[in-house]
Amino acid sequence: MTRIGIITQARMTSSRLPGKVLIPAGGRSMLDHHIDRLVAADLPVILATTTNAADDALAALGHARGVEVFRGSEVDVLSRFAGAATSAGLDVVVRVTSDCPLIDPALIAEGVRRFVDLDDPHAHVSNVLERTYPRGFDFEVFSASALADADRNAIEPAEREHVTPYLYAGRSPRSSIHSITRQIDASRYRVTLDTPEDLSVIRALIEAHGAASLDVSEIVAVLEAHPELAAVNAHVEQKKLGE
């Protein structure tokens with residue numbers, strides 16, 4: 001039987017907002033909100049953090065929440081993901097990141113269904129490469145064997161740090177890319193947690209608009225109805241590969 005699981009990466013040493021995943025909103029840490037959403041996708045969840053002592057608190061939170069915890073390199077995130085997939089015995093990996101506290105479990109489930117229906121071990125399903133969803137709802141689905149291949153062969157620092165560039169940049173000749181897109185483009189919005197401005201937006205979404213129980217379409221509707229909120233982090237530049 002095919003074992004599909006979600007691996008999320010988290011660490012305390014974020015450059016632009018250190019300790020961001022433990023910052024509270026609505027009485028819960030951002031990482032708790034994130035895990036809440038992942039668990040709702042009804043798949044095994046693996047928290048991939050680092051061996052740094054600073055991340056002991058994240059490992060403890062993961063254990064307390066009943067999710068599997070894997071600890072590996074801070075810099076070589078690709079090896080950390082590959083190790084987590086092997087440790088959990090996964091055949092298919094859903095990759096997400098913990099700076100998406102409001103990630104939509106139904107959207108993840110849609111991506112997994114698409115991957116399974118394709119029945120292609122070289123498929124790479126995501127809503128990242130053709131961006132129509134707001135940042136903060138990102139996911140990628142690929143086989144554990146493709147991840148292991150990337151771990152063996154990727155050599156560029158950006159490929160090791162960002163996990164999947166080797167799979168989708170033509171370095172892996174067998175990859176076939178399949179995008180999950182939104183009918184109405186909402187990529188201009190940021191619901192990701194990387195800066196103080198992002199924190200203000202996500203806190204307001206959770207505390208003033210009940211976003212912890214909203215799906216992506218409902219969150220987009222809130223941002224459309226409150227342009228002053230969306231404007232708070234509209235100027236934030238996403239970090240590029242290798243930065």
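The values are calculated or read from the model by the stated rules, or taken from the named source; none is laboratory data. Please read these numbers as outputs of a predicted model, since none were measured by experiment. All Cβ positions, glycine included, derive from the backbone under ideal geometry; neighbour counts span all protein chains shown.
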- request: For the range 47-65, state whether one or more residues are more than 13 Å from the chain's Cα centre (by Cα) and within 20 Å of ARG3 (Cα to Cα).
  value: no
- prompt: Among the residues of the range 178-190 satisfying the criterion of being surrounded by 15 or more Cβ atoms within 10 Å (Cβ to Cβ) and of a type in the set (A, V, I, L, M, F, W, C), which is farthest from ILE219 (Cα to Cα)?
  reply: ILE180
- line: In the range 121-177, anything of a type in the set (Ser, Thr, Tyr) and either in contact with a strand residue (DSSP E or B) (Cβ under 9 Å, 6 or more places away or on another chain) or under 24 Å from SER87 (Cβ atoms) (or both) is listed as SER126, THR132, SER143, SER145, THR164, TYR166, TYR168, SER172, SER175, SER176
field: Breaking point among (1) surrounded by fewer than 24 Cβ atoms within 10 Å (Cβ to Cβ); (2) within 20 Å of VAL125 (Cα to Cα); (3) within 14 Å of the chain's Cα centre (by Cα), for ILE6
entry: (1)
- prompt: What are the pairs, 6+ residues apart or on separate chains, where a residue within the range 85-107 that is under 16 Å from VAL216 (Cα atoms) has its Cβ under 7 Å from a residue that is in a strand (DSSP E or B) and of a type outside the set (S, T, N, Q)?
  reply: VAL96/ILE6; ILE103/VAL96
message: Tell me whether the range 69-78 contains one or more residues that are out of contact with any strand residue (DSSP E or B) (no Cβ under 8 Å at 6 or more places or on another chain) and among the polar types (S, T, N, Q).
response: no
GLU224, sole failed condition from (1) surrounded by 15 or more Cβ atoms within 10 Å (Cβ to Cβ); (2) out of contact with any Gly (no Cβ under 6 Å at 6 or more places or on another chain): (1)
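Please report, ordered by residue number, the helices (runs of 4 or more DSSP H) entirely within the range 118-222 with at least 2 residues that are aromatic (Phe, Trp, Tyr) and in contact (Cβ under 8 Å) with a residue 24 or more places away in the chain. Quick ask: steps written out before the conclusion?
Numbers: elements: 144-153, 157-162, 165-168, 196-209.
Where helices (runs of 4 or more DSSP H) fall fully within the range 118-222 and carry at least 2 residues being aromatic (Phe, Trp, Tyr) and in contact (Cβ under 8 Å) with a residue 24 or more places away in the chain, they are 165-168.
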- request: Output the residue which, of all residues in the range 23-38 that are surrounded by 16 or more Cβ atoms within 10 Å (Cβ to Cβ), free of Cβ contacts under 8 Å to residues at least 60 places away in the same chain and not hydroxyl-bearing (Ser, Thr, Tyr), is nearest to LEU107 (Cα to Cα).
  value: ILE35
message: Any residue at all in the range 87-102 that's closer than 18 Å to VAL45 by Cβ, in contact with a strand residue (DSSP E or B) (Cβ under 7 Å, 6 or more places away or on another chain) and in a helix (DSSP H, G or I)?
response: yes
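Condition (residue is of a type outside the set (S, T, N, Q), under 28 Å from ARG131 (Cβ atoms) and either crowded, with 19+ Cβ neighbours inside 10 Å or out of contact with any strand residue (DSSP E or B) (no Cβ under 6 Å at 6 or more places or on another chain) (or both)) applied to the range 50-57: is it met by at least one residue? Can you show your working first?
Of the range 50-57, the ones of a type outside the set (S, T, N, Q) are 53-57.
With under 28 Å from ARG131 (Cβ atoms) added as a condition, the list becomes none.
No, that holds for no residue.
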- prompt: Of the residues that make up the range 63-77, is at least one surrounded by fewer than 16 Cβ atoms within 10 Å (Cβ to Cβ), in contact (Cβ under 8 Å) with a residue 40 or more places away in the chain, part of a loop (DSSP other than H, G, I, E, B) and of a type outside the set (A, V, I, L, M)?
  reply: no
query: Taking the stated definitions as given, is GLY27 more than 26 Å from SER213 (Cβ to Cβ) and modelled with pLDDT of 95 or more?
result: no
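Among the listed residues LEU214, LEU193, LEU118, LEU147, identify the single one that is among the aliphatic types (A, V, I, L, M), under 19 Å from the mean Cα position of the chain (by Cα) and surrounded by fewer than 19 Cβ atoms within 10 Å (Cβ to Cβ).
Working: LEU193 fails: surrounded by fewer than 19 Cβ atoms within 10 Å (Cβ to Cβ); LEU118 fails: under 19 Å from the mean Cα position of the chain (by Cα); LEU147 fails: surrounded by fewer than 19 Cβ atoms within 10 Å (Cβ to Cβ).
After ruling out the rest, the residue left standing is LEU214.
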query: Which of (1) at pLDDT below 95; (2) in a helix (DSSP H, G or I); (3) among the basic types (Lys, Arg) is the odd one out, the single condition LYS239 does not satisfy?
result: (2)
